[in-house]
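Written out below as C-alpha cells is the structure these notes cover.
The values are calculated or read from the model by the stated rules, or taken from the named source; none is laboratory data. On a predicted model such as this, the values are computed, not experimentally measured, just so you know. Positions of Cβ are backbone-derived with ideal geometry, glycine not excepted, and every protein chain shown enters the neighbour counts. SASA here: full protein model, heavy atoms, side chains in, ligands and nucleic acids out. Shrake-Rupley method; radii C 1.70, N 1.55, O 1.52, S 1.80 Å.
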Amino acid sequence: MVRVTRPSFALAFYHLVLLSACQGGQDSADLVLLAPHDSFSFFVLGDWGMGTDVQRSVAESINTEAQRVEDALFVLNVGDNFYKNAVGGEKQGGVESVDDPLWKEYFEDMYDGSHLKALPFVSILGNHDYMGNFTAQLDFAKTSDRFLMPERNFVSRVRNRETGATLATFVHVDTTPLVGMYDSHPENSKMAQNLLELEKEADGMKWLSATLARLAGEEGFTFVAGHHPVRSGYFSEDAVKQGIMDENMANLQAILEEYRVDAYFSGHMHALEHVHYKDVEYFLSGGGGESKVYARGEDGVGSRSWSKMSAGFVTVIMDGKGAANLIYRDIDGTELYSYTMPEPPLRETEKAESPPASTALLATAT
C-alpha cells in the first residue's frame, strides 16, 4: 500500500490513506477516511473564499458546530474556493500559485478555530477557480494536511476504523468543464485557456458513469458532490447560458438516477436549498462567503423543496443507525431547516457482506 504522509490531526478523529491495490470497488486513487465509530459528522460548504466578514462569521459558526457534534470528520467543500476583484473589467478568480497569499488569508487564517482547524477540506473546483491557475490547487493539495484534492475527479470513502465497513462513499466531480456554457461564454481569458487544455482529457460524464458503475453494490450511502446544481429553483444565468447548463446537467441527472445515487451536494448559488426529485436528494450549500438574491421558479424543484437566500452551511450527522440527518444553519449558526434521509434501500447489486476488517487494519498499520 502507499501511505499518504499526513500526521493525525489534533482531535484524532480519523486517519487518511490511499490504497495502492484494488479491493472490490476500491480504486488505487480512492481517498479513505477512517471514523472511530459507525457514526460521524461532516459539514457542507461552498463559495467561500472571499475574505468577507460573512466568511469569517460562517467559519466561526462551523467551528462552534464542530465542537458540538460528535465525531466531526471533514468539510465537504463544493468549490468556488477563491474569488478576486475584477481587473480592467475582466473577472478574476482562483489562485496564481501554491504560494499565493490567498491560501493563508482566505483559507488557513480564516478556518483557524480550535475545532475547525482539525478538519480537512475534501475539495473540488468551482468556476471561479478556473479563472486562475486551477492546477495550483491540485499542487497545493499534495503538500497540505487540510486541503485535500487528489484529482479534479475522485472518490472518497468513510469507513469504520475497527470493522472496515463502508459507511458512506462520495464521488467528487468537477462540473465546470461539464456544464457547457463556459465553452462558448468563458468568464475570462484564463478560463477559456484552461478549458481548451482540458479538451484533451477524458470526458467527465463518462468518468462519473464508469465510477458509479464501479461502486455499484457498495454498502452505505452513495453521495455525489459537484459545484453546479443539478436541480434547483434558483436562476443565476441569462436565458442562453441557463439553457446550455440545464441541458448538460440533465445528462448528469440521468446518471445520478440510473445508479440510484442517494444525494447530490452542490454550491454555485450563494444561497441554501434542498430539492427532492425522483428519489434523489439535491442539497445546495453555497453561502460560505456571502448571500445573493436570485430569480426563482418552481420548474426545477420537484415534489419537495426548501430554500433560503442566506449565507450559511449544512451539518450532516450520520447517526450510525442508517440515517443521515441534515441541518441547514445560517451565518450565526441558527438552525433554518432540517431533514432526515433514511437508510438507503438495498440496491439490487449490493453485496450482503461488509469489506473485511483487515482493510481498515492495513490502512492504519504503521
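Can you compute 3J(HN,Hα) from phi for each residue in segment 222-231, using the Karplus curve 6.51 cos²θ - 1.76 cosθ + 1.60 with θ = phi - 60°, rounded to whole Hz and x for Gly and Pro?
10, 10, 10, 10, x, 6, 8, x, 8, 10
By how many nm would the segment from Asp238 to Val87 lengthen if fully extended, with 0.36 nm per residue of separation less the alpha-carbon distance?
Between Asp238 and Val87, full extension yields an extra 52.1 nm.
Using the heavy atoms of the protein chains and a 1.4 angstrom probe, tell me the accessible area per residue for segment 271-340 in square angstrom. List each step's numbers first, then the result.
Values: 2870 Å² over 70 residues.
So segment 271-340 comes to 41 Å² accessible per residue, rounded to a whole number.
Using a 1.4 Å probe on the protein heavy atoms, what percent of the accessible area of segment 54-202 belongs to carbon and sulfur? Before the final figure, lay out the partial values.
On the way: 2510 of 5500 Å².
Carbon and sulfur: 46 percent of the exposed surface of segment 54-202.
Roughly how many nanometres apart are two label points built 7 Å out from the Cα toward the Cβ at Glu257 and Arg56?
For the pair Glu257/Arg56, the computed spacing is 4.6 nm.
Hey, what's the per residue convex hull volume over the C-alpha atoms of segment 255-310, in cubic angstrom?
Numbers: hull volume 4.4 nm³, N = 56.
Dividing the Cα hull volume of segment 255-310 by its residue count gives 78 Å³.
In µm²/s, what is D for segment 42-180 at 10 °C and 1.306 mPa s, where D = kT/(6 pi eta Rh) by Stokes-Einstein and Rh is the Kirkwood radius from Cα pairs?
Estimated diffusion coefficient is 101 µm²/s.
Might you report the magnitude of the Cβ-based charge dipole of segment 156-256 about its Cα centre, with Lys and Arg at +1 and Asp and Glu at -1, to the nearest 20 debye? All intermediate terms of the calculation are to be shown ahead of the outcome.
Details: 9 positive and 14 negative charges, 84 e Å.
Around 400 debye, computed over segment 156-256.
Name the residues whose placed amide hydrogens come within less than 5 Å of the amide hydrogen of Gln92, ignoring near sequence neighbours (fewer than 5 apart) on the same chain.
For Gln92, whose amide H was placed from the backbone, the distant partners under 5 Å are Lys84, Ala86, Val87.
Using alpha carbons only, how many angstrom separate the centre of segment 235-304 from the centre of segment 88-160?
23
With the cut-off at 19 Å, tell me which of the pairs Lys84/Lys190; Lys84/Lys142; Lys84/Lys308; Lys91/Lys142 have Cα atoms farther apart than that. Don't skip to the end; give the middle numbers.
On the way: Lys84/Lys190 13 Å; Lys84/Lys142 24 Å; Lys84/Lys308 25 Å; Lys91/Lys142 28 Å.
Among Lys84/Lys190; Lys84/Lys142; Lys84/Lys308; Lys91/Lys142, the Cα-Cα distance tops 19 Å for Lys84/Lys142; Lys84/Lys308; Lys91/Lys142.
Could you grab the relative contact order for segment 254-317? Cα pairs under 8 Å, six or more apart, rounded to a whole percent.
It rounds to 35 percent for segment 254-317.
Taking only C-alpha pairs under 8 Å that are 6+ residues apart, what is the relative contact order of segment 37-94 in percent?
44
How many nm separate the modelled label positions at Asp332 and Ala210, each set 7 Å beyond the Cα in the direction of the Cβ?
5.0
Amide H neighbours of Ala225 under 5 Å, at least 5 residues apart or on other chains, H built in the peptide plane: list them.
Val171, His172, Val173, Phe265
Return the percentage of antiparallel bridges among DSSP beta bridges fully within segment 180-300, rounded to the nearest 5 %.
Roughly 55 percent of the DSSP beta bridges within segment 180-300 come out antiparallel.
Around Asn127, with a cut-off of 9 angstrom between Cβ atoms, what is the net charge of the other residues, counting Lys and Arg +1 and Asp and Glu -1?
-3
Using only Cα atoms, figure out Rg for segment 128-185 and give it as a multiple of 2.2 N^0.38 Å.
Scaled against compact globular proteins, the figure is 1.47.
How big is the charge dipole of segment 42-140 about its Cα centre, in debye rounded to the nearest 20, if each Lys and Arg gets +1 on its Cβ and each Asp and Glu gets -1 on its Cβ?
The calculation lands at about 140 debye.
On a 1.4 Å probe surface of the protein chains, which of Thr334, Thr52 comes out largest in accessible area, and what is the full order?
Sorted by accessible area, descending: Thr334, Thr52.
If you average 1/r over every pair of different alpha-carbon atoms in segment 153-228 and take one over that average, what Kirkwood value in Å do you get? Mind dumping the intermediate values first?
Working: mean 1/r = 0.0705 Å⁻¹.
So the Kirkwood estimate lands at 14.2 Å.
Where the only charges are on Cβ atoms (+1 Lys, Arg; -1 Asp, Glu), what is the dipole of segment 72-202 about its Cα centre, to the nearest 20 debye?
Details: 12 positive and 20 negative charges, 98 e Å.
Result for segment 72-202 is approximately 480 debye, rounded to the nearest 20.
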